Amino acid sequence: MNIKDIDFKGKKALIRVDFNVPLDADFNITDDTRIQAALPTIRHILDNGGSAILMSHLGRPLKKLNADGTINTRKFTLRHVAGYLPNVLNCIVKFADHTTGEETEQYVAALKAGEVLLLENTRFHKGEKKGDEAFAKELSKLGDIYINDAFGTAHRAHASTTTVANYFAPENRAFGFLMENEIKNATRALHSEDRPITAITGGAKVSDKLLLLESLLDRVNNLIIGGGMAYTFAKAQGGKIGNSLCEEDKLDLALDLLKKAKAKGVNIYLPTDNKIADTFANDANSKFAATNNIPDGWMGLDIGPESIDTFKKVILDSKTILWNGPMGVFEFENFATGTKSIAEAVAASTAQGAFSLVGGGDSVAAVKQMGLGDKVSFVSTGGGAMLEFLEGKELPGIAAIQGAMA
Ligand code: AMP
């Protein structure tokens with residue numbers, strides 16, 4: 001069901017949001033992007049006469065237990081978010097200390113139209129990450145309608161993201177606006193007919209991106225490979241890469257990928273020059289070197305000017321652009337030029353009419369850090385979830401809503 005077609009009047013909507021926000025040492029929210037992203041869905045339901053029961057995880061409470069084996073409720077409680085919500089929602093926000101159970105059901109029963117109840121961290125329960133049926137059933141008692149707006153956890157088959165959906169009839173479950181938007185834009189990028197389509201990939205490891213690269217070969221015209229993973233390709237082709245990042249056990253796979261690209265008519269663009277450093281530090285000594293001739297003791301931490309030029313031209317000639325992963329160690333100011341230049345090229349190409357999606361890794365942080373977030377067509381909120389979507393995988397959180405629609 002589409003959220004817009006649901007009548008929320010007098011209804012209680014159980015909404016899975018992603019309020020897994022960063023907190024400082026005093027538990028103040030340091031970045032409310034994820035909360036802001038969920039607001040349109042919550043507001044829509046409240047404005048249409050419904051009430052909202054919000055559930056989310058925060059951190060990894062069962063992985064980071066207190067020394068005595070108990071849950072660190074002080075650190076991982078969603079109360080940190082409960083205090084913040086009235087400021088941005090302008091309505092009454094109540095908090096349930098227990099995610100499920102009788103007391104929580106009573107809070108839900110007393111909830112009036114236009115009010116919000118935030119539940120305690122879903123990951124305080126062992127059943128959450130296991131996708132446990134019993135826990136999901138308990139959760140399902142709390143709402144008439146289930147809305148999933150947590151794209152960031154859509155790749156996890158957890159109780160609150162996936163299993164719970166099965167307890168709602170197809171007409172009583174839907175994606176929230178954020179989820180809908182993510183799916184719409186990622187689908188557009190993957191299935192675009194506006195060619196040339198260029199994928200820009202980067203980041204640290206080939207092994208993290210192999211599935212992505214394979215899947216992209218069936219969809220794109222141009223594949224740019226930068227960042228740390230480019231050196232595995234350089235070494236596989238016989239280059240001298242010094243101390244640059246390399247996955248020795250992926251050399252054959254890298255060559256295989258290049259062969260497949262050729263067979264499929266995909267143009268591969270690898271860096272030809274790099275900014276190299278003598279240590280892994282911002283203030284390291286640095287110079288430029290050809291990618292296949294990096295001296296011993298030196299490592300490539302960014303792409304060089306010649307590569308930037310080549311990549312830029314490809315990007316500016318593209319009609320659809322998909323970007324995942326930085327071109328270098330952009331966290332070090334002295335090695336951020338490559339990533340910055342590529343971000344600028346993506347923004348410029350977007351201004352010329354290209355559709356651009358940035359998602360699934362640190363490129364999102366890079367684009368935001370450079371203040372170019374609103375100069376590209378879409379910036380995804382889901383790291384791992386977007387990566388898996390672009391790999392062509394079915395995400396359990398999406399399938400659970402769609403399953404019954406078919
Ligand atoms: P990912 O999360 O896969 O997008 O990887 C992002 C990380 O890759 C960032 O933290 C970058 O610093 C790192 N990275 C990019 N290029 C390099 C490089 N040449 N050497 C080492 N790390 C790199």
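Do we find that Ala263 is touching a residue at least 12 places away in the same chain (Cβ under 8 Å) and hydrophobic (A, V, I, L, M, F, W, C) in this structure? Here the answer is no, as Ala263 does not meet what is asked. Residues that are crowded, with 19+ Cβ neighbours inside 10 Å and within 13 Å of the ligand (Cβ to nearest atom) within segment 179-207 comprise Ile200, Thr201, Gly202, Gly203, Val206, listed in sequence order.
Could you tell me whether Gly238 is farther than 27 Å from Ile321 by Cα, more than 15 Å from the ligand (Cβ to nearest atom) and among the small types (Gly, Ala, Ser)? Yes: the conditions hold for Gly238. Within segment 288-304, restricting attention to residues that are of a type in the set (A, V, I, L, M) and within 14 Å of the ligand (Cβ to nearest atom), which residue is nearest to Ala189 (Cα to Cα)? Selected residue: Ile303. Exactly one residue among Lys205, Lys250, Lys184 is touching an Asp or Glu at 6+ places or on another chain (Cβ under 7 Å) and of a type in the set (D, E, K, R), and that residue is Lys205. Within the set Ser307, Ser318, the sole residue that is away from the ligand (no atom under 13 Å from the Cβ) and surrounded by 16 or more Cβ atoms within 10 Å (Cβ to Cβ) turns out to be Ser318.
Criterion applied to Ser363, Ser349 was being more than 14 Å from the ligand (Cβ to nearest atom) and touching a strand residue (DSSP E or B) at 6+ places or on another chain (Cβ under 9 Å), and the one residue passing it is Ser349.
Selection of segment 153-164 for residues being over 19 Å from Phe19 (Cβ atoms) and assigned to a helix (DSSP H, G or I) yields only Thr163. Of the strands (runs of 3 or more DSSP E) lying entirely inside segment 276-364, those containing at least 2 residues that are assigned by TED's automatic domain parsing to the domain that holds Leu213 and more than 26 Å from the chain's Cα centre (by Cα) span 286-290, 299-303.
The values are calculated or read from the model by the stated rules, or taken from the named source; none is laboratory data. Since the structure is predicted, the reported quantities are computational estimates derived from the model, not experimental observations. Reconstructed Cβ throughout: ideal geometry from the backbone, glycine too, with neighbour counts over all protein chains shown.
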